[in-house]
Amino acid sequence: MPESESGVSSPTAARASESPLRSSAPAVETGPVRARPARAEAERWIGEAVDGGALERDQAERLAAGLEDAGLREALCEGARAIKRAETGDRVTVSRNVFIPLTNLCRNRCTYCTFAKLPGTADAHTYTIDEVEEVVRGGIATGCVEALMCLGDKPEIAYRSYREELAGRGYASTTDLILEACKRTVALGMLPHTNAGILSREDMARLRPWNASMGLMLETTSARLRGKGMPHFHAPDKEPATRIRMHEEAGELKIPFTSGLLLGIGENDAERVDTLWTIRELSLRYGHIQEAIVQPFHPKDDTKMRAVAPLADEIVVGWVALARLILPRAVHVQAPPNLGRGMLPKLLDAGVDDWGGVSPVTVDFINPEAPWPALLALREETEAAGFRLFERGPVYPDWILERPDFFDPQMRALLPKYANDAGYAQRRNPQSREEAA
Ligand code: SF4
């Protein structure tokens, strides 16, 4: 099996990077055609995975080829549900958070993105620390524990005006800004989770003491999507090998890490399986992947991909189930509820055990057209489907209780102030008085 330059196997990325990219690459290339399995064969594979075995890669690819088949999807969901029930019972988690887009400048230009702005345009913005504090205070007042620092990727490489702005504030890099924001957040009484795109090992090591967890969606291992005319052509940080390397370095640094699969930006079934398989291998090698997000692409006006149809809901559900069957059991499977309106019971049926961050304060700046559900409504819908909803912080209870070696001593000492004895979110710090007010 060929290996990516970073070590973890990603055959699709390797194959694509070896091939000359075609300038007229189609939006979707179907990839190798796999024969879907007969129902009995599929049910046997799924049953073996539920009973403690693991799907083989070839089996996963052939099951993916059958996702149009409603009966096969139901078999996949049944298996994924059994694994979810065995691991987390009827518990589903959510993180009450605030979303702080520290800067919406980004050196990349993914063709589906409306988050990134150009310097000097009306909506371009880089937060001051005062603005960070204001959002954090709003979070504390509404009982939030997690402060999600989510921002564009290394804008200082692309924009002189941004470099000058950073320098004027006394920062040499975006990481300096993130560090200051995280320190202020911790001082005020919330736990940061940083997703800043590609960070170096040194950047992550600096941020680790001030972050409960960090993340980077792997999104896709398809290097084909970096080709001319493709969504990641102008996005050097979407090079799969670069993203895999950051996952590896986060693992070496023992950072509880969020990854994920982005569905429907032009990748084919084999590439989706390859992405999930790569996350699986990273988790097995380093044990640091605490959750994998299965996120469907939603087309946005004002983007080059506005006319690209998203995946049908039932196919998204099929991929959630397949993710649950492919990924190690220790990896929680998350689906963003604001991107799954009207299909939450189906997502739960497919093995989802976490809704990710939901904010009573801030919008989803990545998908501003998709409002968060109210937490009360999310609880009611989750319970109506036969599950119980629990609030967590940026790290899951099992990590707080069982994996102390994954936290810097400073963060390890902080976590109990935000968790009850079972590891779920509960404020025990002085700011809880504000929450009660
Ligand atoms: S999707 Fe992320 S990396 Fe791509 S342009 Fe938007 S902010 Fe930048």
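The values are calculated or read from the model by the stated rules, or taken from the named source; none is laboratory data. These figures come from a predicted structure and were not determined experimentally. Glycine gets a Cβ as well: all are built from the backbone with ideal geometry, and neighbour counts include every protein chain shown.
Suppose we filter region 121-137 for residues that are within 16 Å of the ligand (Cβ to nearest atom) and assigned to a loop (DSSP other than H, G, I, E, B); how many remain? Steps first, answer last, please.
Here is the first cut: in region 121-137, the residues within 16 Å of the ligand (Cβ to nearest atom) are 121, 123-127.
In the following step, the residues that additionally are assigned to a loop (DSSP other than H, G, I, E, B) were identified as 121, 123-125, 127.
Residues that pass the stated criteria total 5.
Name the pairs whose Cβ atoms lie under 7 Å apart, with the first residue in region 139-154 and on the phi > 0 side of the Ramachandran plot, the second in a strand (DSSP E or B) and more than 13 Å from the ligand (Cβ to nearest atom), and 6 or more positions between them or separate chains?
Pairs that qualify, where the first residue is on the phi > 0 side of the Ramachandran plot and the partner is in a strand (DSSP E or B) and more than 13 Å from the ligand (Cβ to nearest atom), are G143/R96.
Given the options V294, V317, V333, name the one that is in contact with an Asp or Glu (Cβ under 7 Å, 6 or more places away or on another chain) and under 20 Å from E74 (Cβ atoms).
Going through V294, V317, V333 in turn, the sole match is V333.
Please identify the pairs in which a residue from region 231-256 that is in contact (Cβ under 8 Å) with a residue 60 or more places away in the chain and among the aromatic types (F, W, Y) has its Cβ atom under 6 Å from the Cβ atom of a residue that is within 13 Å of the ligand (Cβ to nearest atom) and assigned to a loop (DSSP other than H, G, I, E, B), counting only partners at least 6 apart or on another chain.
If the second residue must be within 13 Å of the ligand (Cβ to nearest atom) and assigned to a loop (DSSP other than H, G, I, E, B), no pairs are left.
Regarding region 111-120, can at least one residue be identified that is within 12 Å of the ligand (Cβ to nearest atom), among the charged types (D, E, K, R) and either part of a loop (DSSP other than H, G, I, E, B) or farther than 17 Å from E180 by Cβ (or both)? Talk me through it step by step, then tell me what you get.
Just the residues of region 111-120 that are within 12 Å of the ligand (Cβ to nearest atom), to begin with: 111-118.
Right, trim to among the charged types (D, E, K, R) and you get 117.
The next check asks that each one be either part of a loop (DSSP other than H, G, I, E, B) or farther than 17 Å from E180 by Cβ (or both); those that pass are 117.
Yes - at least one qualifying residue is present in region 111-120.
What residue, of A323, A384, A370, is closer than 20 Å to M149 by Cα and in contact (Cβ under 8 Å) with a residue 12 or more places away in the chain? Spell out how you get there, then give the answer.
Details: A323 fails: closer than 20 Å to M149 by Cα; A384 fails: closer than 20 Å to M149 by Cα.
Testing whether each residue is closer than 20 Å to M149 by Cα and in contact (Cβ under 8 Å) with a residue 12 or more places away in the chain leaves just A370.
Determine, yes or no, whether E68 is in a loop (DSSP other than H, G, I, E, B), within 30 Å of A307 (Cβ to Cβ) and at pLDDT 95 or above.
Values: in a loop (DSSP other than H, G, I, E, B): yes; within 30 Å of A307 (Cβ to Cβ): yes; at pLDDT 95 or above: yes.
Here the answer is yes, as E68 does meet what is asked.
Can you tell me which residue is nearest to the ligand (Cβ to nearest atom) among those in region 367-385 that are within 21 Å of G215 (Cα to Cα) and surrounded by fewer than 21 Cβ atoms within 10 Å (Cβ to Cβ)? Outline the logic, then answer.
The first filter runs over region 367-385 and keeps only residues within 21 Å of G215 (Cα to Cα), leaving 367-368, 372.
Remaining after also requiring surrounded by fewer than 21 Cβ atoms within 10 Å (Cβ to Cβ): 367-368.
Numbers: N367: 11, P368: 13 Å.
The qualifying residue nearest to the ligand (Cβ to nearest atom) is N367.
May I ask you to list the residues in region 74-110 that are more than 16 Å from the ligand (Cβ to nearest atom), assigned to a strand (DSSP E or B) and crowded, with 20+ Cβ neighbours inside 10 Å?
Step one: list which residues in region 74-110 are more than 16 Å from the ligand (Cβ to nearest atom), which gives 74-98.
Among the residues that remain, those that are also assigned to a strand (DSSP E or B) are: 91-98.
Hits for region 74-110 are V92, T93, V94, S95, R96, N97, V98.
Taking only pairs six or more apart or across chains, which ones have beta-carbon atoms under 7 Å, a first residue in region 351-367 that is under 19 Å from R379 (Cα atoms), and a second residue that is part of a loop (DSSP other than H, G, I, E, B) and of a type in the set (S, T, N, Q)?
P360/T142; V361/T142
I'm checking my understanding of the structure. Among residues of region 272-312 that are polar (S, T, N, Q) and surrounded by fewer than 23 Cβ atoms within 10 Å (Cβ to Cβ), which one is farthest from E249 (Cα to Cα)?
Initial filter on region 272-312 (polar (S, T, N, Q)): 275, 278, 283, 290, 295, 303.
Narrowing further to those that are surrounded by fewer than 23 Cβ atoms within 10 Å (Cβ to Cβ): 283, 295, 303.
Values: S283: 12, Q295: 24, T303: 33 Å.
Looking at the filtered set, the residue picked out is T303.
Which one of the conditions (1) within 16 Å of the ligand (Cβ to nearest atom); (2) touching a helix residue (DSSP H, G or I) at 6+ places or on another chain (Cβ under 8 Å); (3) in contact (Cβ under 8 Å) with a residue 60 or more places away in the chain; (4) within 22 Å of V363 (Cα to Cα) does L191 fail to meet, given that it meets all the rest?
Looking at each condition in turn, L191 falls short on (1).
In region 157-188, what count of residues is obtained for those that are over 16 Å from T128 (Cα atoms) and within 16 Å of the ligand (Cβ to nearest atom)?
3
When only residues in region 243-261 that are in a strand (DSSP E or B) and closer than 30 Å to R36 by Cα count, which is nearest to the ligand (Cβ to nearest atom)?
Within region 243-261, the first condition is being in a strand (DSSP E or B), and the residues that meet it are 257-261.
Those left that are additionally closer than 30 Å to R36 by Cα: 259-261.
Details: S259: 15, G260: 13, L261: 15 Å.
My answer is G260.
Could you list, in sequence order, the residues of region 315-359 that are within 16 Å of A292 (Cβ to Cβ) and basic (K, R)?
Answer for region 315-359, where residues must be within 16 Å of A292 (Cβ to Cβ) and basic (K, R): R324, R329.
With the requirement that a residue be touching a helix residue (DSSP H, G or I) at 6+ places or on another chain (Cβ under 9 Å) and within 16 Å of the ligand (Cβ to nearest atom), what does region 138-154 give you?
Of everything in region 138-154, those that are touching a helix residue (DSSP H, G or I) at 6+ places or on another chain (Cβ under 9 Å) and within 16 Å of the ligand (Cβ to nearest atom) turn out to be M149, L151, G152, D153, K154.
Keeping to region 232-266, report how many residues are within 13 Å of A196 (Cα to Cα) and among the polar types (S, T, N, Q).
Here the count works out to 2.
Among the residues of region 37-69, how many are of a type in the set (K, R) and surrounded by fewer than 17 Cβ atoms within 10 Å (Cβ to Cβ)?
Of the residues in that region, 2 qualify.
Looking for whichever is closer than 16 Å to L322 by Cβ, among the hydrophobic types (A, V, I, L, M, F, W, C) and modelled with pLDDT of 95 or more here; the options are L282, L276. Which one fits? Break it down into steps so the answer makes sense when it comes.
Values: L282 fails: closer than 16 Å to L322 by Cβ.
Exactly one of L282, L276 is closer than 16 Å to L322 by Cβ, among the hydrophobic types (A, V, I, L, M, F, W, C) and modelled with pLDDT of 95 or more, namely L276.
I'd like to verify a number: residues in region 226-256 that are more than 19 Å from the chain's Cα centre (by Cα) and either under 18 Å from A270 (Cα atoms) or surrounded by 24 or more Cβ atoms within 10 Å (Cβ to Cβ) (or both), how many?
Summing the residues that are more than 19 Å from the chain's Cα centre (by Cα) and either under 18 Å from A270 (Cα atoms) or surrounded by 24 or more Cβ atoms within 10 Å (Cβ to Cβ) (or both) in region 226-256 gives 3.
In this structure, is D354 at pLDDT 95 or above and either under 14 Å from the mean Cα position of the chain (by Cα) or not acidic (D, E) (or both)?
On the way: at pLDDT 95 or above: yes; either under 14 Å from the mean Cα position of the chain (by Cα) or not acidic (D, E) (or both): yes.
For D354, the condition - at pLDDT 95 or above and either under 14 Å from the mean Cα position of the chain (by Cα) or not acidic (D, E) (or both) - is met.
Of the residues in region 387-408, how many are outside any loop (DSSP other than H, G, I, E, B), farther than 30 Å from K346 by Cβ and touching a residue at least 24 places away in the same chain (Cβ under 8 Å)?
2
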